[in-house]
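First up is the structure itself, then whatever we jot down about it.
The values are calculated or read from the model by the stated rules, or taken from the named source; none is laboratory data. None of these values were measured; they are calculated from a predicted model. Here Cβ is always computed from backbone atoms with ideal geometry, including for glycine, and neighbour counts include all displayed protein chains.
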Amino acid sequence: MIDYLKAILAANSVEEVWSVHLSDMKRYGIDRLLYGMTSNIGSDGIGSPKDLLLLSNHKPEYIEPFIYRRMYDHGPMVRWASRNTGACSWNWVRERIELLSEEEHKVIEFNRARGVTVGYTISFPMMMSGRRSAIGLSVDEGMTQDELDAHWEKVGEEIEVKNTIMNLKLLSLPFTLNGERLTTRQREVLEWVGMGKTTQETSELMNVSAATIEKHLRLAREQLDVETSAQAVLKAALQNQIFLVTPDSELP
């Protein structure tokens, strides 16, 4: 555990954290992971893929339909994760198989055809409004769900703690969605706006014209795909793109 903690704490990027975590989970027989963090503000569910930080070592032929064609909207364990926190065996699906909808059964068949049938889902506590995260942990077809459940009884608490630490580390790092990286000037303007400064006050603080400030705000809104500057401030903050002491060169 100590070696894992040291490696996670030393990681300076989302990619580094994910690499450390993938290697560590293999020690428990967990070979396929799917992590998602949404910044879809106000959503009751997972939201749109464009608002999702996705990390996975599943093959593209699995990710493309499940994520980008939004099969996850009907995933039973995704539904569970959107309404609960903690760890849940995928046996939860088997116990409720007769209660599931036709669309949910299609997702189950999709997963079965690709060997994604044995695993656990961990849904993490919401640290702030509008940000929800969860991870699906699956093993190869050589293990049954009952065998994994027995294994989880022995090491599940440790696995859950490590995944929670990984999630907390990711929440502290800058990340972008679909190329939504802001420029240094855009971040600076949003920070001043977030601190309550008007356009005129911001222009004086940055020693540029009010028109230039408005231009930076417009471009930031476009880059973040939001309608208002207030939404831009909130989304940039959720992505840890503003109010950071991280040097600009270290941003992803």
query: Identify, please: which residue in the stretch 132-156 is in a helix (DSSP H, G or I) and touching a strand residue (DSSP E or B) at 6+ places or on another chain (Cβ under 9 Å) and is, among those, surrounded by the most Cβ atoms within 10 Å (Cβ to Cβ)?
result: LEU148
task: Given the conditions (1) within 23 Å of ILE67 (Cβ to Cβ); (2) modelled with pLDDT under 90, report the number of the one that THR183 does not fulfil.
output: (1)
field: Cβ pairs under 7 Å, 6+ apart, first in the stretch 57-86 and among the hydroxyl-bearing types (Ser, Thr, Tyr), second assigned to a helix (DSSP H, G or I) and surrounded by 13 or more Cβ atoms within 10 Å (Cβ to Cβ)
entry: TYR68/PRO49; TYR72/PHE66; TYR72/VAL78
- request: Could you please find all residues in the stretch 20-36 being outside any helix (DSSP H, G or I) and either at positive phi or touching a helix residue (DSSP H, G or I) at 6+ places or on another chain (Cβ under 7 Å) (or both)?
  value: TYR28, GLY29, LEU33
query: Consider PRO125 against the criteria (1) in contact (Cβ under 8 Å) with a residue 12 or more places away in the chain; (2) surrounded by 15 or more Cβ atoms within 10 Å (Cβ to Cβ); (3) in a loop (DSSP other than H, G, I, E, B); (4) not hydrophobic (A, V, I, L, M, F, W, C): it satisfies all of them except one. Which criterion is unmet?
result: (2)
message: Looking at GLU103, GLU98, GLU141, GLU153 in this structure, which one is farther than 18 Å from TYR35 by Cβ, assigned by TED's automatic domain parsing to the domain that holds LEU22, in contact with a helix residue (DSSP H, G or I) (Cβ under 6 Å, 6 or more places away or on another chain) and not polar (S, T, N, Q)?
response: GLU103
field: Which listed residue, of VAL78, VAL17, is assigned to a helix (DSSP H, G or I), closer than 29 Å to LEU244 by Cα and of a type outside the set (D, E, K, R)
entry: VAL17
message: Can you find a residue that is surrounded by 15 or more Cβ atoms within 10 Å (Cβ to Cβ), closer than 25 Å to MET126 by Cβ and either modelled with pLDDT under 90 or touching a helix residue (DSSP H, G or I) at 6+ places or on another chain (Cβ under 6 Å) (or both) anywhere in the stretch 204-218?
response: no
